[in-house]
Amino acid sequence: MVEKVVLVIDMQKDNIGKFCLHIIPKIKILVEEARKKGLPVIYACDTRLRDDPIFERFNLPPHTIKGTEGWKIIDELSPETSDIIVEKPRLSAFYASNLDFLLRYKGIKTLIISGIRTEGCVLKTIMDGLELGYEIILPVDCIASPSKENHEATLKILDIFPVKKTKVEDLIKSLNN
């Protein structure tokens, strides 16, 4: 039974900026290798309604509105028919979504987490995953933030938790064993 999954967080057209272009090829390698190994790939997608109160509360422009072009996953990481898309209405991929149910249904015990923003959606998903009993593998070259300081501070905070940090190349080698 497959016990690992690759989770790709918020790699959608409205969310992509210069700050994360360098991780796209790394995530692409990770996703392709996961598929070759038969690991499920789940895209956790920021999914908003036009009147979502989060825009006003956090002074954000409307983005990733369900059904718009900006909601779609970037072309470089286009899902295949075997991949799963989970709509997430808030920062954590677990909050108010069916992610935990899907993972337990598939017998998943380990999450390989990639995507954006390190200090936001990535961190919230990691913390919720840990509390729900999942093991976490974090290929640090597959996550990014617009703020290098916030990115580094979050990685430092994660040192106190049982999160296995690695690089995508090393992770792929370990999947071959």
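Look through ILE74, ILE108, ILE112, ILE84 and report the one residue that is among the hydrophobic types (A, V, I, L, M, F, W, C) and within 12 Å of the chain's Cα centre (by Cα).
Among ILE74, ILE108, ILE112, ILE84, only ILE112 is among the hydrophobic types (A, V, I, L, M, F, W, C) and within 12 Å of the chain's Cα centre (by Cα).
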Breaking point among (1) surrounded by fewer than 19 Cβ atoms within 10 Å (Cβ to Cβ); (2) under 17 Å from CYS20 (Cβ atoms), for LYS165
(2)
Candidate set: the stretch 87-104, residues that are among the aliphatic types (A, V, I, L, M) and part of a helix (DSSP H, G or I); chosen: the one nearest to the chain's Cα centre (by Cα):
LEU99
Could you list, ordered by first residue, the pairs with Cβ atoms under 6 Å in which the first is in the stretch 64-80 and farther than 23 Å from ILE29 by Cα and the second is buried (at least 17 other Cβ atoms within 10 Å of the Cβ) and of a type in the set (Lys, Arg), at least 6 apart or interchain?
THR64/ARG48; ILE65/ARG48
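Name the residue that is nearest to SER145 (Cα to Cα), counting only residues in the stretch 25-60 that are of a type in the set (Val, Ile, Thr) and buried (at least 18 other Cβ atoms within 10 Å of the Cβ).
Step one: filter the stretch 25-60 for residues of a type in the set (Val, Ile, Thr), giving 27, 29, 31, 41-42, 47, 54.
Applying the additional criterion that residues be buried (at least 18 other Cβ atoms within 10 Å of the Cβ) yields 27, 31, 41-42, 47.
Details: ILE27: 15, VAL31: 20, VAL41: 22, ILE42: 20, THR47: 19 Å.
Here the residue is ILE27.
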Name the single residue, out of those in the stretch 137-150 being surrounded by 15 or more Cβ atoms within 10 Å (Cβ to Cβ) and free of Cβ contacts under 8 Å to residues at least 60 places away in the same chain, that is nearest to LYS167 (Cα to Cα).
VAL140
Condition first: acidic (Asp, Glu) and part of a helix (DSSP H, G or I). Now tell me which residues in the stretch 7-48 satisfy that.
ASP14, GLU32, GLU33
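Which residues, taken from the stretch 116-136, are in a strand (DSSP E or B) and surrounded by 17 or more Cβ atoms within 10 Å (Cβ to Cβ)? It would help to see each step written out before you state the result.
First, pick out the residues of the stretch 116-136 that are in a strand (DSSP E or B): 116, 135-136.
ILE116, ILE136, listed by residue number.
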Limited to the stretch 142-177, what total is found for residues that are within 18 Å of LYS4 (Cβ to Cβ) and in a helix (DSSP H, G or I)?
9
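Filter the stretch 86-115 down to residues that are closer than 14 Å to ILE9 by Cα and either surrounded by 15 or more Cβ atoms within 10 Å (Cβ to Cβ) or without any contact (Cβ under 8 Å) to a residue 24 or more places away in the chain (or both), then give me how many there are. If you could, list the steps in order and put the result at the bottom.
Pass one, the stretch 86-115, residues closer than 14 Å to ILE9 by Cα: 86-95, 97, 99, 111-115.
Still in the running and either surrounded by 15 or more Cβ atoms within 10 Å (Cβ to Cβ) or without any contact (Cβ under 8 Å) to a residue 24 or more places away in the chain (or both): 86-94, 97, 99, 111-115.
Within the stretch 86-115, residues that are closer than 14 Å to ILE9 by Cα and either surrounded by 15 or more Cβ atoms within 10 Å (Cβ to Cβ) or without any contact (Cβ under 8 Å) to a residue 24 or more places away in the chain (or both) number 16.
Just so you know, all these numbers are worked out from the coordinates, no wet-lab data involved. A quick note: this is a predicted structure, and the numbers were derived from the prediction, not measured. Positions of Cβ are generated from backbone atoms using ideal geometry, with glycine treated the same way; all protein chains shown enter the neighbour counts.
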